[in-house]
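These notes concern the structure reproduced below.
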Amino acid sequence: MNKSLVTFIVTIFIMLNTILPAFADSNVTLTVKTDAAQYTAGSKIQVSGTVLKGQVAGKGTSPMMQVKNTESKAIEIYQWNDSEIDGKGNFSTTINTAKYSNGSYSIQISANSAQTVYASIVITEGKPKKEITLDTNKSEYTIGEKVIVSGQVLLDNKPISSENVYVTVDREGEKVLTDSPAKITNDGIYSFDYDTNNAKVGLYTVSVRLTDKSITNTASFKLIASTTQPDPGKPVEPTPEPDPGPTVPTDPKPTPNAPEVYVVTSESLEIKGLADKGSKVKITDKKKFIKESIAKADGTFSILLDKKFEAGTILYATVSNAEKVSGETKIVVIDKTPPTKPVVHKISDKDQKVTGTTEAYAKVMVKAGSKVLVSGNANKKGQFSLKIKSQKAGKVLTVVAADKAGNSSTSKKITVVDKTPPKVPSVSTVKSVTTKLTGKAEANSKVYVKAGKKVIGLAKVSKKGTFSVSIKKQKAKTKLSIYAKDKAGNVGKAKTIIVKK
């Protein structure tokens, strides 16, 4: 074989073994994934992926993320640099959904010389997480010690004081205290002292709950007998006999304890609580209202009401036996009645305020979708007037009111009315021989052509804003008026033209 031919073949072989692997390694591939498919509003999304050049990390490929909504509009863009790509080609970032509306989104990742990859996510309305913590100051007590129950009410890890906390105590499966209200401070911290003087030894479970019975917590403690013993290093001295004094007769009917009354709200039709078994419980407003009931064997009582009481009403509860009456338990009726649905006056696309009426001093919120446009308070007459930017005709606004106690009304939806007249139409030249007048005007409106006071032509404008009106031939120098009227009945200014020869 010719020596030069051999040399040529060897050279080609070396080039193929060098260039082809390099070409293969330059093939860029991408992957993408999210830590979940569905998220609640305000949560964070972990986006991760890999970029490879052949089998090695894809440095220099500039991977870029775009988050797009259902209208394919990019609402967030992020580009990774080489320092954010590790040795295996991995990259990641975090998206905060607080600024996103509810709905579906597409996450797409692109890079130089790579095929774009996608991931889909859905953002839904998130509910605030409410919880109640619980602790006892010890895990074991002797009879006679107070069990201190305490904790905090939290909403999204922030303390709230607008909730009511109820305490229940069980002894080995048997209830010894049911739904007794705890004291709560402005920091959401509650406390309750359980008296063990008349309790029995055993294993106890204390439970706490909010008004919403699905929010609960439990803890356990042990109650043991007192084990006080004399010091074995000292002789036990006999206890001297007490000096017999005059005998004091025992009161056969001691004054009963004042009752414990569970929370009474403006929506309550029943008053419940705890009292000495068999005693008579009386509820009164010290005017006309009086209701009575007998406490059951387990110490609970229940009194049905004929009507609901207004928030802030003060009632009093007492317990009596055959001879004596307890002290009073004061009951303040808590506001749990939401304001009525707000009355909202019509809003047009020219208005820059929302007006209406609701409960006096209530906080009013105006939203467009999930976005809050404005909020403010009604006056003592329940009137409100809140400034907003002009809204597009057809947009639906939601108005809701909340009182000082945090009760929210049902929402009132109102559609922005079109009060903006169409613009002056643009019209082509009209001559004495013209039988079709053409031009442009507001889409889907109607165009009228008048000669003097008489309408000589009418046509509907297309969705692209063009129109063509059939008219009879007009004499030269005739004055024509052309104007548009939209679906809402708004009439625009007229365009005046003179018919030419």
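The values are calculated or read from the model by the stated rules, or taken from the named source; none is laboratory data. Keep in mind it's a predicted model, so treat the numbers as computed, not measured. Please note: Cβ atoms are built from the backbone with ideal geometry, for glycine as well, and neighbour counts cover all protein chains shown. Protein only, heavy atoms only, side chains kept; ligands, DNA and RNA dropped before computing areas. Shrake-Rupley method; radii C 1.70, N 1.55, O 1.52, S 1.80 Å.
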Fill in the blank from the handout: Filtered hits (aspartates and glutamates, Cα-Cα < 19 Å from Lys463, offset >= 8 within chain) -> Asp418, Glu442, Asp486
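Kindly provide the helix-only [θ] at 222 nm of the chain, computed as the sum of -39,500 (n - 2.57) over DSSP H runs of four or more divided by all residues, to the nearest 500 deg cm²/dmol? Present the calculation step by step, with values, prior to reporting the outcome.
On the way: 1 runs with 23 residues, N = 501.
It comes out at -1500 deg cm²/dmol, rounded to the nearest 500.
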Practice task
Could you pull the Rg and Dmax for the chain, using just the Cα atoms, both in Å?
Solution key: 40.3, 143
Handout entry: Angle in degrees between helix 3-25 and the longest Cα principal axis of the chain, rounded to the nearest 10
Key = 50 degrees
Exercise for the section: Between beta-carbons, use under 10 Å as the cut-off and find the net charge around Ala393, counting Lys and Arg +1, Asp and Glu -1. Expected result: +2
Practice task
Pop out the carbon and sulfur fraction of the accessible area of the chain as a percent, whole number, probe 1.4 Å.
Solution key: 52 percent
Exercise for the section: Determine the distance separating the Cα centre of the range 72-131 from the Cα centre of the range 349-389; give it in Å without decimals. Expected result: 36 Å
Practice task
Using every pair of alpha-carbon atoms in the range 423-501, split the distances into 5 Å bins beginning at 0 and state the percent of pairs per bin, rounded to integers.
Solution key: 3, 18, 30, 27, 14, 6, 2, 0
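Using only the alpha carbon atoms of the range 341-406, find the Kirkwood hydrodynamic radius as the inverse mean reciprocal pair distance, in angstroms to one decimal.
On the way: mean 1/r = 0.0841 Å⁻¹.
Kirkwood radius, the range 341-406: 11.9 Å.
If you put +1 on each Lys and Arg Cβ and -1 on each Asp and Glu Cβ, how big is the dipole of the chain around its Cα centre, in Debye rounded to 20? Write out the running numbers ahead of the final one.
Numbers: 77 positive and 46 negative charges, 1520 e Å.
Roughly 7300 debye for the chain.
How would Asp82, Asp298 rank on accessible area, largest to smallest, probe 1.4 Å?
Values: Asp82 70, Asp298 110 Å².
Largest to smallest exposure gives the sequence Asp298, Asp82.
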Exercise for the section: Could you let me know the centre-to-centre spacing of the range 175-196 and the range 254-274, using Cα atoms, in angstrom? Expected result: 15 Å
Problem - Mean Cβ count within 10 Å, highest first, over the residues of peptides 48-56, 381-389 - result: 48-56, 381-389
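Starting from the Kirkwood radius over alpha-carbon pairs of the range 315-377, derive D by Stokes-Einstein at 25 °C in a medium of 0.890 mPa s and give it in µm² s⁻¹. Let's see the in-between values first.
Values: Rh = 16.2 Å.
Taking Rh from Cα pairs, D becomes 152 µm²/s.
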Handout entry: Listed residue pairs exceeding 24 Å between alpha carbons, taken from Lys472/Lys500; Lys280/Lys307; Lys353/Lys440
Key = Lys353/Lys440
Exercise for the section: Run through every distinct alpha carbon pair of the range 48-182 and return the Kirkwood hydrodynamic radius in angstroms, one decimal place. Expected result: 20.3 Å
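Determine Rg/Rh for the range 120-226; Rg is computed over alpha-carbon atoms and Rh is the Kirkwood hydrodynamic estimate from the same atoms. Working shown, then result.
Numbers: Rg = 16.2 Å, Rh = 14.8 Å.
Using only Cα positions, Rg/Rh for the range 120-226 is 1.09.
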Exercise for the section: Report, largest value first, the span of the C-alpha coordinates of the range 116-171 along each principal axis, in whole Å. Expected result: 72, 26, 19
